[in-house]
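None of the figures in this text is laboratory data; all of them are computed from the coordinates on show. Predicted model only: the values in this text are computed from it and were never measured. All Cβ positions, glycine included, derive from the backbone under ideal geometry; neighbour counts span all protein chains shown.
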Amino acid sequence: MRGRDGTRSTLTTVVALVFALPFTVLVLQAFADSWTAPALLPQEFGLRGFRDGFAGGGAGAALVRSLQVALTVTVLSLVIAWPAARVIGERRLRHPGPVILLLAVPVLVSPFAIGTGLTGWFVRLGLTDSIEGLVLGHLVFSLPYAVLVLSTGFGPGLRHSEEMAASMGLGPFRRLLMVTFPEIRPTLAVAALLSFLVSWSQYGSSLAISGGSPTLPVVLLPFVGGDPEVAAALSLVFLAPAMVALAMANRAGHFR
Amino acid sequence: MLAPAVGTTLLLFGGALAGAVEQSFTPPLGGGLETWTLESWRQVLGDPVFVDAFWFSLRTTLVATLVSAGLALLIATLMRTRSAAMRTAVAFPVPVPHLIVAVVAVLWLAPGGLADRVLGTLPLNLVRDQLGLGVVLVYVFKETPFLVLLLLAVMGRRLEEQEEMAAVHGIGRWGRLRWVIWPAVRAPLLIGSMIVAAFVFSAFEVPLAVGPNYPPSLGTYALEVTKSDAIGGAGQAAAALLLGAVASIAFALAILGLFKARREPDER
């Protein structure tokens, strides 16, 4: 039994390393001023990548803009998704297929097409190059994820728990706080994480809607291939809020 | 209850789709409804490069999705009782944008990359290979942890209690897997796989970075026609991407049909 547990521990450690370790190359590249083959480590360390990346202030402004948009999109997605997710998760719809398909269908269409399609409308409404326009554009993609993921947390089990709580005299607000949230917390955390990340990493729609006031991925892309040090440095900055979101989701969610 | 989400989707997605459809029918030099033409659609459907791109995207999507789903089930089962640190390590690629994963893949797997430096030489060419193995590898690396997260979210205390109850009633390991674990993980696995498949089918950053020069992926094809034809390219790109969207929707319908077909026998 102990041997089997040991094998399992080794296996999970290897799996964890396989997924986490390759990203160390980004850190090395970001802090390398010179790194050529066949060297396994950079020949010269430095901060050129960060200096050149943030020269002019464009990347800093883009970082703030990306954060504002992603946080707003996350909150809006969860609020709008909750009622629909509940109905779908509890299987209260006689024919859920068409509703799920309608809500999920934006995920199935390329952001390249959606971003361009929205731009025509946003030009007429004066929403291009604005935070509001970006929020609406990203909402198209984050809302389906929020609904689909959140719906997996609702079901007959949760409903039964809520009915039991109601029969014990708990009001709607206390039921929500004491029964619903603790039960749905892991799924809610994943849904929030995904909503944030979908908005955070949007490239095609952001470029189409707000090319004049770019988000961080739009600023980052031209450096990929051309200047690996700057690309790696901006990638690290790009990763930081996403990592914080992941850690918060882990803490708020399943890992207790 | 459905109104907020359905209304938002209809307004934003419907408007966007109408704009994309309009673009695919608008002649290169513009004009109103009376000037609409099928020219962009004709050019795309008659282009052998588009056909090759479509099949390449379909093939890589199916392989990447099936491998990711299988691996996710295995890893989630392994990880469900592991520490938070271990789970966080596995989930690490989830918040990382595809573009960055592709860059990391190139830094490791390209000729002269870190893998070559560490191992001497790689037995397989995984960057710009004709079969698209590099593309599949990047997507498997990126999407498996996403599916693992979805599965772990439903593999909580409630499921453990149900398993314990089943064990008390004398149901063996395989019986618990079939009657307790599988019904719990089926929905997130299928929905997650649908999301993965749709994303892989329409994305273009990864095929651009590690995919072969030919055939292109569907997304790469759309990008290339836009770049190569400044006047008529946008309409062709819209037509190509809309055709890709139709294929994605058909794929999603197939998965939903499978979900329904698998659920009904259980409910009887």
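Compute, for segment A:1-106, the length of the dipole vector about the Cα centre, with Cβ point charges of +1 (Lys, Arg) and -1 (Asp, Glu) only. Units Debye, rounded to 20. Walk me through the numbers on the way to the answer.
On the way: 10 positive and 5 negative charges, 140 e Å.
Charge dipole, segment A:1-106, about its Cα centre: 680 debye, nearest 20.
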So what's the net charge close to A:V87: Lys and Arg +1, Asp and Glu -1, counting the other residues with Cβ under 13 Å from its Cβ? +4
Please work out the C-alpha center-to-center distance from segment B:1-32 to segment B:94-110 and express it in whole Å. 32 Å
With N set to the residue count of segment A:19-101, report its C-alpha Rg divided by 2.2 N^0.38 Å to two decimal places. 1.93
Can you list residues from other chains, or at least 5 along the same chain, whose modelled amide H is less than 5 Å from the amide H of A:D33? A:E44, A:F45, A:G46
Evaluate the Kirkwood expression for the hydrodynamic radius of the protein assembly as shown, namely the inverse of the mean inverse distance over all pairs of different C-alpha atoms, and round to one decimal in Å. 24.1 Å
For the protein assembly as shown, whose charge dipole is built from +1 on Lys and Arg Cβ atoms and -1 on Asp and Glu Cβ atoms, the candidate among A:V25, A:G58, A:P172 with its Cα farthest towards the positive end is A:P172
With Cα coordinates, the longest principal axis of chain B makes an angle with the long axis of helix B:3-25, in degrees rounded to 10, of 30 degrees
Fewest Cβ neighbours within 10 Å first, please rank B:W108, B:W36 accordingly. B:W36, B:W108
Enter the mean number of other protein chain beta carbons within 10 Å of the beta carbon of each residue in B:72-83, as an integer. 3
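Treat the count of other C-beta atoms within 10 Å as a stand-in for reagent exposure and order B:E224, B:E160 from fewest to most.
Details: B:E224 19, B:E160 13.
The most exposed by this proxy come first: B:E160, B:E224.
Hey, fewest Cβ within 10 Å first, where do B:L256, B:L109, B:L177, B:L147 land in order?
Ranking B:L256, B:L109, B:L177, B:L147 by Cβ neighbours within 10 Å, fewest first, gives B:L177, B:L256, B:L109, B:L147.
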Can you give the Rg/Rh ratio of segment A:1-46, where Rg is from the C-alpha atoms and Rh is the Kirkwood radius? 1.30
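Grab the Cα-Cα distance for B:W55 and B:A84, subtract it from 0.36 nm times how many residues apart they are, and report the gain in nm with one decimal.
Numbers: separation 29, 0.36 × 29 = 10.44 nm, distance 4.04 nm.
Gain in length upon complete extension: 6.4 nm.
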What average count of beta carbons from other chains do you get within 10 Å of the Cβ of residues in A:137-146? 3
Between B:R173 and B:V6, what length comes free when the chain is fully extended (0.36 nm per residue of separation minus the Cα-Cα distance, one decimal in nm)? 55.9 nm
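Relative contact order, percent, of chain B when contacts are C-alpha pairs under 8 Å separated by at least 6 residues?
On the way: 282 pairs, mean separation 76.9, N = 268.
Result for chain B is 29 percent.
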Compute the Cα gyration tensor for segment A:1-154, then decide on rounded, prolate or oblate, letting a ≥ b ≥ c be the square roots of its eigenvalues: rounded whenever a/c is under 1.5, prolate when a/b is larger than b/c in the other cases, and oblate in all that remain. oblate
Rounded to the nearest 10, the angle in degrees between the Cα long axis of helix B:157-168 and the longest principal axis of the Cα atoms of chain B comes to 50 degrees
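For segment B:137-201, what does the relative contact order come out to in percent, with C-alpha contacts under 8 Å and a separation of six or more? Walk me through the numbers on the way to the answer.
Details: 27 pairs, mean separation 31.4, N = 65.
About 48 percent, as a whole number.
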Over the whole of B:18-24, what's the average partner chain Cβ count within 10 Å per residue? Rounded to a whole number, please. 5
For A:M248, put the label point 7 Å out on the Cα→Cβ axis and report which residues of segment A:200-235 keep their amide N under 16 Å from it. A:200-201
Assigned charges on the beta-carbon of Lys, Arg, Asp, Glu; the protein assembly as shown dipole about Cα centre (debye): 1940 debye
With Rg from the Cα atoms and Rh as the Kirkwood inverse mean 1/r over Cα pairs, segment A:57-252 has an Rg/Rh of 1.05
Working note, chain B: Cα radius of gyration (Å, one decimal) and Dmax (Å, whole number) are 22.1, 73
Per-residue [θ]222 nm for chain B (sum of -39500 (n - 2.57) over DSSP H runs n ≥ 4, rounded to 500): -24500 deg cm²/dmol
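Enumerate the helices in chain A for which the Kyte-Doolittle hydropathy averages 0.5 or more and the C-alpha atoms extend at least 15 Å along the helix's axis, using complete DSSP H runs. Display every interim value, and only then the final one.
Details: long enough: A:2-20 (27 Å, 0.27); A:58-89 (44 Å, 1.46); A:96-108 (17 Å, 2.22); A:111-125 (20 Å, 0.94); A:131-151 (28 Å, 1.75); A:156-167 (16 Å, -0.75); A:181-200 (27 Å, 1.23); A:228-252 (35 Å, 1.40).
Span-like helices here: A:58-89, A:96-108, A:111-125, A:131-151, A:181-200, A:228-252.
Evaluate the charge dipole of chain A about its Cα centre and quote only its size in Debye, nearest 20, assuming +1 on the Cβ of each Lys and Arg and -1 on the Cβ of each Asp and Glu.
That gives a dipole near 1040 debye.
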Report the one residue of A:H160, A:H95, A:S77 whose Cα lies farthest in the direction of the positive end of the charge dipole of segment A:57-252 (charges on C-beta: Lys and Arg +1, Asp and Glu -1; origin at the Cα centre). A:H160
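Per 0.36 nm of contour for each residue apart, how much would the distance between A:M178 and A:R159 grow if the chain were fully extended, relative to their Cα-Cα spacing? Don't skip to the answer; put the middle values down first.
Values: separation 19, 0.36 × 19 = 6.84 nm, distance 1.32 nm.
Contour length minus Cα-Cα distance gives 5.5 nm.
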